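Working notes, beginning with the structure itself.
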Amino acid sequence: IAYCKKSNIGFLSTGFDIQSIDMLVDLGVEQFKIPSGEITNLPYLRHVGKYGKPVILSTGMANMGEIETALDVLETSGTPRNQTTVLHCNTEYPTPLDDVNLRAMLTIRDAFGVAVGYSDHTLGIEVPIAAITLGATVIEKHFTLDRTLPGPDHRASLEPDELKAMVNSIRNIEKALG
């Protein structure tokens, strides 16, 4: 948190249970990121919602009914819908391009009247850039110092130069979109 403040970076961490959510509140977190595995955990969502802070909600393998229920629970618990961004997500690592379905973001946006984003597990930087052109306001992309490290996320993660290229490309696309 201190490093983020010093570097003018917003701090964000995902709490996977109620105790972790409370700890993040005590640490001064300004928004919550709900992992896709908790989208159907209604007590968890009620607890997050009662804080009334902005929420980034990852959908994972959720269907439209589960997304709607999650949004309703957050809203009735205290988090206004206009403070929730829903991330379209595919949980396969790495995600094949044929399985991305970026237009699902538009379906979610239109069905629920929320801001949308994309949680990307594809290789490379093209898909998050394309998501921006379709209206994504949040991009989640895994980052590693070395893709050859052991563990499930490294292979589908960006290394430092790639992350920089992705961010620069997104910023250029944002300028071009006007």
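The values are calculated or read from the model by the stated rules, or taken from the named source; none is laboratory data. This one's a predicted model, so the numbers in the text were calculated from it and none came from an experiment. Backbone-built Cβ (ideal geometry, glycine too); neighbour counts: all protein chains shown. Accessible surface areas use protein heavy atoms only, side chains included; no ligands, DNA or RNA. Shrake-Rupley method; radii C 1.70, N 1.55, O 1.52, S 1.80 Å.
General observations
- Within the range 1-31, the set of residues being β-branched (Val, Ile, Thr) and part of a loop (DSSP other than H, G, I, E, B) comprises 1, 9, 14, 29.
- Being in a helix (DSSP H, G or I), buried (at least 17 other Cβ atoms within 10 Å of the Cβ) and not small (Gly, Ala, Ser) is a description that does not apply to residue 116.
- Condition check for residue 155 on (1) open to solvent by 60 Å² or more (accessible area, probe 1.4 Å); (2) in a loop (DSSP other than H, G, I, E, B): one failure, at (2).
- Residue list for the range 119-134, filter: open to solvent by 40 Å² or more (accessible area, probe 1.4 Å), within 16 Å of residue 156 (Cβ to Cβ) and part of a helix (DSSP H, G or I): 126
- Scanning the range 130-156 for residues that are polar (S, T, N, Q) and out of contact with any Leu (no Cβ under 9 Å at 6 or more places or on another chain) yields a count of 2.
- Cβ separations smaller than 8 Å between residues 6+ apart or across chains give the following pairs from the range 150-174 residues that are over 20 Å from residue 137 (Cβ atoms) to residues that are open to solvent by 50 Å² or more (accessible area, probe 1.4 Å) and among the β-branched types (Val, Ile, Thr): 154/148.
- Being of a type in the set (A, V, I, L, M, F, W, C) and part of a loop (DSSP other than H, G, I, E, B) holds for only one residue in 145, 163, and it is 145.
- Where residue 148 falls short, out of the listed (1) at pLDDT below 95; (2) open to solvent by less than 40 Å² (accessible area, probe 1.4 Å); (3) farther than 22 Å from residue 60 by Cβ: (2)
- Among the conditions (1) modelled with pLDDT under 95; (2) open to solvent by 40 Å² or more (accessible area, probe 1.4 Å); (3) touching a strand residue (DSSP E or B) at 6+ places or on another chain (Cβ under 6 Å); (4) not polar (S, T, N, Q), residue 140 misses just one, which is (1).
- The one condition in (1) in contact with a helix residue (DSSP H, G or I) (Cβ under 7 Å, 6 or more places away or on another chain); (2) exposed (fewer than 13 other Cβ atoms within 10 Å of the Cβ) that residue 11 fails to fulfil: (2)
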